[in-house]
1. Filter the stretch 298-317 down to residues that are in a helix (DSSP H, G or I), surrounded by fewer than 23 Cβ atoms within 10 Å (Cβ to Cβ) and within 27 Å of the chain's Cα centre (by Cα), then give me how many there are.
2. Scanning the stretch 83-94 for residues that are outside any helix (DSSP H, G or I) and within 17 Å of ASP180 (Cβ to Cβ), which turns out nearest to the ligand (Cβ to nearest atom)?
3. List, please: which pairs have Cβ atoms under 6 Å, are six or more places apart or on different chains, and start with a residue in the stretch 104-126 that is within 20 Å of ASN155 (Cβ to Cβ) and crowded, with 16+ Cβ neighbours inside 10 Å and end with one that is of a type in the set (Lys, Arg) and at pLDDT 95 or above?
4. Pick out the one residue from LEU178, LEU225 that is at pLDDT 95 or above and buried (at least 18 other Cβ atoms within 10 Å of the Cβ).
5. Select, from LEU147, LEU157, the only residue that is more than 19 Å from ALA296 (Cα to Cα) and among the aliphatic types (A, V, I, L, M).
6. Looking only at residues that are crowded, with 24+ Cβ neighbours inside 10 Å and aromatic (Phe, Trp, Tyr) in the stretch 181-211, which one is nearest to the ligand (Cβ to nearest atom)?
7. Of everything in the stretch 1-36, what is under 18 Å from ARG62 (Cα atoms), of a type in the set (Asp, Glu) and surrounded by fewer than 10 Cβ atoms within 10 Å (Cβ to Cβ)? Give them in sequence order.
8. Across the stretch 328-344, what is the number of residues that are more than 12 Å from the ligand (Cβ to nearest atom) and in a loop (DSSP other than H, G, I, E, B)?
Amino acid sequence: MTRVYDDDLVPAFATRAIHAGQRPEPLAGAIMTPVYLTSTYVQDALGHNKGYEYARGKNPTREALERNVAALEGGRHGFAFSSGMGSVDSIMKLFRAGDHIVCGENLYGGVFRLFDKLLQHFGLSFSWVDTRDPQVIADAMQPNTRLVFVETPSNPLMRLCDLRAAADIAHRHDALLLVDNTFASPFFQRPLELGADIIYHSTTKYLNGHSDMIGGMVVVNDDSLAERLQFILNAAGAVPGPFDSWLALRGTKTLHLRMPRHDANGRQIAGWLAERLGEERVIYPGLPSHPQHALAKSQMSGFGGMISVELGTKEKANEVLTRCRLFSLAESLGGVESLISHPASMTHASVDPERRARLGITEGLIRLSCGVEDVGDLLADLEHAFHVV
Ligand SMILES: *Cc1c(COP(=O)(O)O)cnc(C)c1O
């Protein structure tokens, strides 16, 4: 069980980012949490240990990360996993055959693949609905619905879900609300404070922020939910290694420095794109033209660096993607360096073409992850790349 230390719950986010979950190392007082490269721990006598028995269950480096991210999310318990997908797979083990789950139709492509290709064969059933409209969520609830699962803003269409309304609907039906908080990060959005029961992250993205590891995090407040998650974590074993945990922990310490810059660059680039191409072609929750801009302002404190742009055809998309020099053509997002991608053939290739088209993930859609470089240089790169459209 990895409960946050009581004195980690200081009010200021920046202080939590640097200190929450961190204690000087007991042997020499090292200020940095060491990478505890060990599989097991020596015990004093039968039944007497220092709180650590075997590293699948608990590792001090991982624990420092878990406490840190839990405090950032305003939650009491954090659990680190080997990837964002490992987090989702483990969360789903809270449920059993016969249970029904209401999902946002625009959940991350890998989540759709996990549910549609694997977990439905274990007796779980899923309804895929447009979670922009709370009434649509309410209408999808069944007597056996145990979970409402949303992602906001969603990837890559930046669709929002009203988290207060979704929590209300879930709870009226004795179901839990699970939120993918990867895009906003706890710096801009804290779903637990808006009523969610479980949040998860792909730590790979903004939390780590340096594109050098794969990881996932789950945070909850409820003690019995935490106990069940700790059991699943140890029983199923989708845990990260200590070095990946340490890299993520190094990342979270500067989250509050990086996110405002991602946000500033994102706003400026979205504004430039809207002027250049017309605001109807640019999808960014921070633009007043975004249909859910008001909701974005009410549940997020910033909009981040993710922008999608509709270019009409795959040929135009390809031309822009290959003309970029600073924006690198790659999957993933949330790192300090700017990336650009083509969701239909990259992150969402596992979603069949007909479903992609229905969702609006067209062949002409490109996605930008604005990094923290100089915005003038980023704009010059885009000026060159968009010259052809
Ligand atoms: C990347 C991502 C995931 C999956 O996480 P991995 O760490 O790649 O397993 C889930 N949700 C969102 C929004 C993501 O961007």
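1. Narrowing the stretch 298-317 to residues in a helix (DSSP H, G or I): 298-299, 314-317.
Keeping just the survivors that are surrounded by fewer than 23 Cβ atoms within 10 Å (Cβ to Cβ) gives 298-299, 314-316.
From what's left, within 27 Å of the chain's Cα centre (by Cα): 298-299.
Qualifying residue count, the stretch 298-317: 2.
2. If we take residues in the stretch 83-94 being outside any helix (DSSP H, G or I) and within 17 Å of ASP180 (Cβ to Cβ), then SER83 is nearest to the ligand (Cβ to nearest atom).
3. Here the result reads ASN106/ARG159, each pair linking the stretch 104-126 to a residue that is of a type in the set (Lys, Arg) and at pLDDT 95 or above.
4. Working: LEU225 fails: buried (at least 18 other Cβ atoms within 10 Å of the Cβ).
Residue meeting the stated conditions: LEU178.
5. Among LEU147, LEU157, only LEU147 is more than 19 Å from ALA296 (Cα to Cα) and among the aliphatic types (A, V, I, L, M).
6. Taking the candidates together, the pick is PHE183.
7. Residues satisfying the conditions do not exist here.
8. Final tally of qualifying residues: 6.
The values are calculated or read from the model by the stated rules, or taken from the named source; none is laboratory data. It should be emphasised that the depicted structure is a prediction, and the values quoted were computed from it without experimental measurement. Here the Cβ is made from the backbone with ideal geometry for all residues, glycine too, and neighbour counts use every protein chain on show.
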